[in-house]
Every structure is written in C-alpha cells, then in structure tokens.
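The values are calculated or read from the model by the stated rules, or taken from the named source; none is laboratory data. Fair warning: this is a prediction, and the values are worked out from it, not measured in the lab. With ideal geometry, Cβ positions are generated from the backbone for all residues, glycine too; neighbour counts draw on all protein chains shown. What goes into the accessible areas is simple: the full protein's heavy atoms, side chains included, and nothing from ligands, DNA or RNA. Shrake-Rupley method; radii C 1.70, N 1.55, O 1.52, S 1.80 Å.
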Amino acid sequence: MAATFTEKQEALVKESWELMKQNIQELSLHFFTTILEIAPAAKGMFSFLRDSEEVPQNNPKLKAHAVKVFKMTCESAIQLREKGEVVVQESTLSYLGAVHVKSGVIDPHFEVVKEALMRTIKGAVGEKWSEEMGCAWGEAYDQLAAAIKAEMKQAA
Ligand code: HEM
C-alpha cells in the first residue's frame, strides 16, 4: 500500500496540469517525440505514427492519447488523496485493457511513457518543477498504470 497521498501532492499535480492545458497541442507533440526518443520501436504501435516519417503536427488521435494520459493521471492524484486508491470506472478500464492488449502494449512500455510524461511536465512547468512535484505525478501514474496492467492481464 502506498503512503498517504497528501493535499499538497494533489495540489502540485492539479496546478501543473492547469498550466500545461494551455499549451496542450505543443506538449502532446513533445510527449510523443520523447516516447520515440526513448523507444523508437514504439512508432509501429500507434496508428497515427506508423505511416508517417515524422511525428504528425496536428493529429487528433495523438493529442487524444496525450491528453488522456495526462488527464487520467491527474484524476488519479485526486482519487489517491480522496480515497487512498485509484478507481477507474469498470467500462473505461475494460476498454483500456482491451485497446492496449490489441495494440501490442506490454508492461515495460509503461515505464517509457512514464519517463516521457515526467520529462514533458518538467519542460512545461520550468521553474515551478520540484522533486516533490515529480514524485506526486509519478505516484499517481504508477497507481493508474497498475490498474490498467492488471486489466490487460484479464483481457489477454
Ligand atoms: C490507446 C490511455 C499508456 C499505447 C489508448 C486509449 C486511451 C489510452 C484512452 C484509447 C484512445 C482512443 O480510443 O481514442 C492510456 C493511459 C495510459 C496509457 C491512461 C497510461 C496511464 C500506454 C502505453 C502505451 C500505450 C504505456 C505503449 C507505449 C497505446 C496505443 C493505443 C492506445 C498504441 C492505440 C492508439 C491508436 O493507434 O490509435 N490509450 N494509455 N498506451 N494506447 Fe494508451
């Protein structure tokens, strides 16, 4: 069981997400460019990356995935503070399990996305970045990823 998620941690995640939302188009691109820097092979998994040479500038699916990852992690932080655990709606979770298994996602990929998420946040918030902020996002992401990974095992 994770240590208690504090109000301060929740606030750090929420504040940085509010800031990032204003620039989400560019951050989505940065996020995916970073994913591909860390793991070039991930290109083949995403429908919107597979057939283009470069990361597409204005692709709604790319933006949708980036926003989902950020937003659901932020919601997880809120739940961790409120309930002490991440609870994803059953229908959403089974969809997430199925979509990721179908796309060939495996557990270690979640670490790649985590690293890209952290680097994107760090770059976006600039001076506001702190170790504490990073840990709060990391904890929320890990708990969300654990829920999705457990569901993927059921869906496989
Ligand atoms: C699709 C969320 C992690 C790869 C999706 C979709 C959602 C989602 C909501 C469906 C998008 C749609 O139907 O429009 C998340 C969340 C994650 C996460 C919240 C982590 C907390 C990952 C990881 C990978 C990954 C680690 C692998 C690198 C994919 C792929 C698709 C997908 C390949 C299909 C997208 C397409 O080709 O159009 N994800 N995801 N996701 N996800 Fe994730």
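Checking each residue in region 62-85 for being in contact (Cβ under 8 Å) with a residue 40 or more places away in the chain and open to solvent by 50 Å² or more (accessible area, probe 1.4 Å) picks out LYS71, ARG81, GLU85.
The residue pairs whose first member lies in region 38-61 and is free of Cβ contacts under 8 Å to residues at least 24 places away in the same chain and near the ligand (Cβ under 9 Å from one of its atoms), whose second member is in a loop (DSSP other than H, G, I, E, B) and not hydrophobic (A, V, I, L, M, F, W, C), and whose beta carbons are closer than 8 Å, counting only pairs six or more residues apart or on different chains, are PHE48/PRO56; PHE48/ASN59; LEU49/PRO56.
If you scan region 128-145, which residues turn out to be out of contact with any Lys or Arg (no Cβ under 6 Å at 6 or more places or on another chain), touching a residue at least 24 places away in the same chain (Cβ under 8 Å) and either within 14 Å of ALA116 (Cα to Cα) or open to solvent by less than 60 Å² (accessible area, probe 1.4 Å) (or both)? Lay out the reasoning, then the answer.
At the first step, the residues of region 128-145 found to be out of contact with any Lys or Arg (no Cβ under 6 Å at 6 or more places or on another chain) are 128, 130-140, 142-145.
Narrowing the set further to residues that are touching a residue at least 24 places away in the same chain (Cβ under 8 Å) leaves 128, 130, 132-133, 135-140, 142-145.
Within region 128-145, SER130, MET133, ALA136, TRP137, GLY138, GLU139, ALA140, ASP142, GLN143, LEU144, ALA145 qualify.
Being surrounded by 13 or more Cβ atoms within 10 Å (Cβ to Cβ) and within 8 Å of the ligand (Cβ to nearest atom) is true for just one of VAL101, VAL88, VAL113, VAL125. Which residue is that? If you could, list the steps in order and put the result at the bottom.
Working: VAL101 fails: within 8 Å of the ligand (Cβ to nearest atom); VAL88 fails: within 8 Å of the ligand (Cβ to nearest atom); VAL125 fails: within 8 Å of the ligand (Cβ to nearest atom).
Exactly one residue qualifies, and that residue is VAL113.
You will find that of MET72, MET45, the residue that is in contact with a Ser or Thr (Cβ under 7 Å, 6 or more places away or on another chain) and hydrophobic (A, V, I, L, M, F, W, C) is MET45 and no other.
For the condition over 24 Å from PHE5 (Cβ atoms) and either in contact with a Ser or Thr (Cβ under 8 Å, 6 or more places away or on another chain) or not in a helix (DSSP H, G or I) (or both), what is the one hit in GLU54, GLU85, GLU37? Before the answer, list the steps.
Details: GLU85 fails: over 24 Å from PHE5 (Cβ atoms); GLU37 fails: either in contact with a Ser or Thr (Cβ under 8 Å, 6 or more places away or on another chain) or not in a helix (DSSP H, G or I) (or both).
Of GLU54, GLU85, GLU37, the one residue that is over 24 Å from PHE5 (Cβ atoms) and either in contact with a Ser or Thr (Cβ under 8 Å, 6 or more places away or on another chain) or not in a helix (DSSP H, G or I) (or both) is GLU54.
Of everything in region 62-75 that is near the ligand (Cβ under 7 Å from one of its atoms) and not charged (D, E, K, R), the residue that is nearest to LYS102 (Cα to Cα) is HIS65.
Picking from MET152, MET118, which residue would you name as being in contact with a His (Cβ under 7 Å, 6 or more places away or on another chain) and either crowded, with 16+ Cβ neighbours inside 10 Å or not small (Gly, Ala, Ser) (or both)? Break it down stepwise before answering.
Working: MET118 fails: in contact with a His (Cβ under 7 Å, 6 or more places away or on another chain).
None of the other options fit; the residue is MET152.
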